[in-house]
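Input: a single structure, listed below in structure tokens.
The values are calculated or read from the model by the stated rules, or taken from the named source; none is laboratory data. These numbers come from a predicted model, not from an experiment. Glycine gets a Cβ as well: all are built from the backbone with ideal geometry, and neighbour counts include every protein chain shown. Accessible surface areas use protein heavy atoms only, side chains included; no ligands, DNA or RNA. Shrake-Rupley method; radii C 1.70, N 1.55, O 1.52, S 1.80 Å.
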Amino acid sequence: MAQRPPVAIVTGASQGAGRGIALALGSHGCTVYVTGRSVAALDATAAAVTAAGGQGIAAVTDHADDAQVAALFDRVSRERGRLDILVNNACAIHDRLTDSGHFWEKPLEIGNMIDVGVRSGFVASWYAAPVMAAQRSGLVVFTSAPGAVHYVFGPAYGAHKAGVDKMAADMAVDFREFGVAALSVWMGSLATGRVLDLIAADPAKYGRLSDTLETPEYTGHIIWGLFNDPELMSLSGRAVIGADMGKRYGVPDANGRYPPSVRETLGVEPHVAHPHIIR
């Protein structure tokens, strides 16, 4: 009997990192439900996932609405009967996040990335958890970045990155007895339209990023490597640097180059959770 393709959900997949991750998982034959609010953009992503070799399924979802998230997971359970990979990537990124200035000089709405970003990742994982625990397998991934441990764009951005890293660590504690893994993956600067526009607008400030950019698909290939790693549970609970894992799995980026690790470029690394547990 042919093995069924893995089933994945990638949130915030209408553009940028989420779209790239979905395409990469599709190239490995996954069935990928892609979420976001734009019907046209999601249809395009789903079609690209299918063209890459998987099956892309558009699932319009506003991750600020818990009822819509519940309906998404009900649909996946009904149609597929399982869930192998959840990628929590949806985030409400404000257009003025990268503006210069103190946090109180920027729009208050920048803080929405703590709602659709941190809280939405918790909600999606809450719905995924019973499915994965019952099948005694699965991988929950949060997309994150080095801003978890150093200042980038202000406290809302930092709280989002540090928050998802901590959720992965704590979810891993609850998941461990069920054979389900939870990790946070630090992405490098990505060659997305948003980042490329940022570099073009201020090359003196951001031009240095050009030589370190990762393709949006790269993290998806890293997630596939994690999913197939026989030592995955030993990594559960950690925030890992995508570039480091690429070297571990022998996965270069599309241009054949291994992206540099922020251990080398910035001298930073993820925090390690203390093993003490209080229930």
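Quick check: at a probe of 1.4 Å, how many percent of the accessible area of the stretch 51-179 sits on carbon and sulfur atoms?
56 percent
Treating the beta-carbon of each Lys and Arg as +1 and of each Asp and Glu as -1, no other charges, what is the dipole magnitude of the stretch 73-163 about its Cα centre, to the nearest 20 debye?
It comes to approximately 420 debye.
How many angstrom lie between the C-alpha centres of the stretch 172-207 and the stretch 1-73?
Centre-to-centre distance over Cα atoms comes out at 18 Å.
Might you report the magnitude of the Cβ-based charge dipole of the stretch 135-279 about its Cα centre, with Lys and Arg at +1 and Asp and Glu at -1, to the nearest 20 debye? Provide the component values of the computation, followed by the final result.
Details: 13 positive and 15 negative charges, 39 e Å.
Dipole size: approximately 180 debye.
Taking the solvent-accessible surface of protein heavy atoms with a 1.4 Å probe, what is the per residue accessible area of the stretch 182-230 in Å²?
Spelled out: the 1.4 Å probe surface of the stretch 182-230, per residue, equals 44 Å².
Quick one: Cα centre-to-centre distance for the stretch 105-133 and the stretch 242-262, in angstrom?
Value for the Cα centre distance between the two parts: 28 Å.
Among PRO252, ALA59, PRO5, whose Cα sits farthest toward the positive end of the charge dipole of the chain (+1 at Cβ of Lys/Arg, -1 at Cβ of Asp/Glu, about the Cα centre)?
Highest projection toward the positive end goes to PRO5.
Any idea what the relative contact order of the chain is, in percent, if you count C-alpha pairs under 8 Å spaced at least 6 apart?
17 percent
Test of understanding: what is the full-extension gain from LEU108 to VAL39, defined as 0.36 nm times their sequence separation minus their Cα-Cα distance?
Stretched fully, the LEU108-VAL39 segment lengthens by 22.1 nm.
Can you give the FRET efficiency for ARG263 and SER210, using 1/(1 + (r/R0)^6), R0 = 25 Å, r = Cβ-Cβ distance, to the nearest 0.05?
0.80
How much accessible area per residue does the stretch 79-121 have, in Å², with a 1.4 Å probe?
Numbers: 2260 Å² over 43 residues.
For the stretch 79-121, the solvent-accessible area averages 53 Å² per residue.
Which residue, SER120, ALA169, TYR151, has the largest displacement toward the positive end of the dipole of the chain when charges sit on each Cβ (Lys, Arg +1; Asp, Glu -1)?
ALA169
Given [x] 19.6, 61; [y] 17.7, 60; [z] 16.7, 51, which label gives Rg and Dmax of the Cα atoms in Å as computed from the coordinates?
Answer label, from the structure shown: [y].
Which whole-Hz ³J(HN,Hα) couplings does the stretch 206-211 yield from phi under the Karplus relation 6.51 cos²θ - 1.76 cosθ + 1.60, θ = phi - 60°, glycine and proline marked x?
10, x, 4, 6, 4, 7
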